[in-house]
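Take a look at the structure below.
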Amino acid sequence: MASVVVFLVALPLCIGVAAASGVPVALGIITGIVGGLVVGFLPGSSLQVSGPAAGLAVLCLEFTTEHGVGLMGPVVMVSGILQMILGTLKMGRVFQSISLSVVQGMLAGIGVPLILSQTYALVDSKQHGTAPKNVMGLPDLVRDVLGDPQKGAALLLGAMAVVICFLWYKVPKPVGKVPAPLVAVMLGCVVAALPGFEVKKVAFGNMLDAVNIPGFGDISGLADPKVLMMVVTFTIIASAESLFSAAAVDRMHTGPRTHYNKELFAQGVGNTVSGALGAMPLTAVIVRSAANVNAGARTKISRILHGVWLLGFGLLLPGLLGLIPVSVLAGVLLHAGWKLFNPPSFVKMWKKDRGEGLVMFVTTGAIVATDLLDGVLGGLAVAVVLTALRMSHMTLRTTKNGDSATLELKGNATFLRLPKLIDALDTLAGSARVVVDGRGISHLDMACQAQLEEWADQRRKSGGGEVELLLPGSGARPAAAETAAGGAEDELTGTREQEPVREKVPAGAAAGTAFPPGLSEELAAGLPDPSGRSGPMAPPSQPDTYRPYAPSPQPGFSFQHAMGQGYAHGPVAHGTQYARHGQHHHPYPYPYGHQHPYPHGTHSGRSPGHGPQSQVHLAHPAHQMNQPHQPHPSHPGDSGHQPSPGPQEYGPYGEPVYPPRPEPSDGYAPPPQGYGPPAEANPGYWGPEDDWAVRAYGEGTRR
């Protein structure tokens with residue numbers, strides 16, 4: 001269904017654009033077929049539809065009037081090749097960097113000449129060529145209409161088409177779903193068939209006979225500099241209009257977005273094929289694309305099928321096209337030109353930003369007065385100058401205190417602000433001591449810097465007084481800005497020197513260590529000071545633990561402390577990743593002596609040998625979730641979870657009492673008997689031969 005809707009919208013537009021371009025109507029149908037069958041298959045934008053565009057009709061008319069229809073094919077073909085090159089070089093995004101005011105001015109500049117040209121076609125008269133000539137010929141056109149009844153009848157049909165196109169959107173559904181151009185053409189054909197209506201109608205011959213493959217003589221015409229300039233113009237305008245249309249279509253649906261480089265390449269392929277057939281340039285057209293999206297299209301099938309329907313209509317029913325009045329097509333295109341002109345957009349742009357509004361006015365006026373390419377280039381030049389002026393904004397503030405004066409500069413000091421800077425420097429001539437503080441300048445170009453340095457040198461040489469010049473990056477400070485507190489506050493700027501912001505991280509953390517959000521603050525604020533810990537860190541070379549805070553164990557502490565740190569406090573201590581525990585804890589081993597988020601249930605007090613622990617009983621997450629508890633890696637899998645070596649007795653208040661721990665002289669020495677895994681399970685120390693860990697937890701849990 002969507003393809004039929006697009007076909008009904010595209011058919012009158014293809015015919016009308018071809019007639020407005022001064023080429024055979026059949027070439028407009030051929031261009032639409034290429035846009036559907038060739039561009040429709042290629043990747044880029046799945047929902048936008050390509051074909052002959054009203055925006056290029058005036059440009060094509062100017063070209064065919066001066067160089068003939070035969071040279072149109074080679075120009076379009078070379079333009080397509082350039083588009084493919086631009087797409088291959090990934091230049092599609094460049095067109096998105098054009099100022100919005102220039103784009104809207106360009107569209108308006110296309111719309112105004114289109115309206116003027118179709119005003120003549122509306123009354124079956126021949127236009128004069130350029131927009132200024134058409135404006136000058138309007139008085140003669142009015143006299144011709146008043147003196148010729150046939151032109152009056154054509155005006156009546158054309159006016160009917162214009163009114164239908166402007167007001168059809170108010171018709172309720174389902175009748176309102178029928179495209180307005182199709183309704184205008186059908187009613188125009190019916191009225192033109194009535195007796196007494198003698199109006200000019202479309203001349204449509206055999207579509208296959210209209211194909212004009214360029215020959216060597218046509219291609220040789222590309223050596224003309226004017227023709228080459230037209231190639232560049234077609235390339236820029238067709239590419240820009242296609243990509244602007246793609247951006248508008250993307251805002252209409254939630255499906256896949258447009259890949260601009262691929263879309264530009266696809267448009268180039270379409271123009272190359274269209275030029276090889278001697279047809280017109282094609283672009284993505286927002287009118288067809290919007291109809292495609294609103295009809296419910298979701299894939300590229302609809303735009304491909306619309307090309308099939310155009311091909312079938314052109315081959316099987318060409319006689320029906322001969323019934324369409326030219327004035328009706330002119331009315332349809334006049335409505336399209338008004339939509340491009342869009343006068344309310346000028347008011348909106350002017351109210352929003354007068355500078356951008358000025359760029360829009362200049363672009364439109366330049367296009368109407370000269371041509372499309374020169375007008376766009378002129379608009380871009382004005383936009384660049386406006387941007388440069390805004391980027392060169394500089395604030396100058398002069399403060400005088402007796403014989404001393406201070407000139408403070410802020411913003412961007414460029415050559416565009418030289419007159420303002422020179423005037424400000426001239427006001428300092430009567431001061432004995434001058435401070436020029438330019439440290440607030442964001443950008444200082446060579447012209448302004450040379451002016452400041454030259455002025456300071458001339459003042460010193462002429463004995464005009466003391467000068468202190470502070471440019472961006474200068475480490476000196478003006479004497480007037482020193483305060484009693486040692487210059488902590490700058491009187492010129494009114495701001496204090498900022499202290500460097502230092503993130504609170506645990507002491508001993510390796511430089512560059514990345515911590516989860518909030519971890520460094522929590523460790524710094526809610527945990528004991530790591531500088532007073534009494535134990536070492538786990539070695540960082542363990543493959544099954546996270547990187548500890550310290551590089552290696554400190555001498556003078558037990559081997560169990562060093563090797564057990566990553567296991568006892570790391571995420572793999574209980575055979576699972578930290579994210580699976582129901583209770584929050586951090587994914588990093590805790591320094592020895594720090595409070596652990598969940599100390600073992602049997603260790604509820606302070607352990608004399610393990611530093612300060614939480615005195616609040618926190619059961620292991622596995623206990624809280626009523627799940628079988630996994631044994632500690634330091635014990636065999638079938639011996640249950642017991643601390644090593646475990647409390648031998650309890651004190652009078654129920655606190656666990658541990659046996660004294662001998663302190664080996666070497667921090668990497670094997671643990672003494674009674675510590676670590678039982679001798680029958682692993683007679684050695686915690687090292688590469690930890691078969692018990694492999695049996696209990698699988699490969700990868702060795703120390």
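Readers should treat all values here as calculations from the given coordinates under stated rules, not as data from a laboratory. Here the structure is a predicted model, which means the values were calculated and not measured. Here the Cβ positions follow ideal geometry from the backbone for every residue, glycine too, while neighbour counts run over all protein chains shown.
Per residue and in cubic angstrom, what volume does the convex hull of the Cα atoms of the range 47-102 have? Please report the intermediate quantities before stating the final value.
Values: hull volume 7.3 nm³, N = 56.
With only Cα atoms used, the range 47-102 gives 130 Å³ per residue.
If you rank 189, 14 by fewest surrounding Cβ atoms within 10 Å, what's the result?
On the way: 189 16, 14 27.
Sorted ascending by nearby Cβ count, the order is 189, 14.
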Exercise. For the range 217-289, what value does the Rg/Rh ratio take when both radii are computed over Cα atoms and Rh is the Kirkwood radius, given to two decimals?
Worked result: 1.06
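Over 22 Å, how big is the tail of the calculated P(r) for the range 191-333, in percent of all Cα pairs? Let's see the in-between values first.
Working: 5764 of 10153 pairs.
The proportion of pairs with Cα distances above 22 Å equals 57 percent.
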Exercise. Roughly how large, in nm² to one decimal, is the mean projection of the convex hull of the alpha-carbon atoms in the range 392-481?
Worked result: 5.2
Exercise. How compact and how long is the range 1-94, expressed as Rg and Dmax of its alpha-carbon atoms in Å?
Worked result: 14.3, 42
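Viscosity 1.002 mPa s, temperature 20 °C: Stokes-Einstein D of the range 2-360 from its Kirkwood Cα radius, in µm² per second? Spell out each step's value before the answer.
Values: Rh = 20.5 Å.
The calculation lands on 105 µm²/s.
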Seminar exercise, completed: Rg/Rh over Cα atoms for the range 362-438, Kirkwood Rh, comes to 1.30
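State, as an integer percentage, the relative contact order of the range 392-481 based on alpha-carbon contacts under 8 Å between residues 6 or more apart.
On the way: 151 pairs, mean separation 25.3, N = 90.
Relative contact order, the range 392-481: 28 percent.
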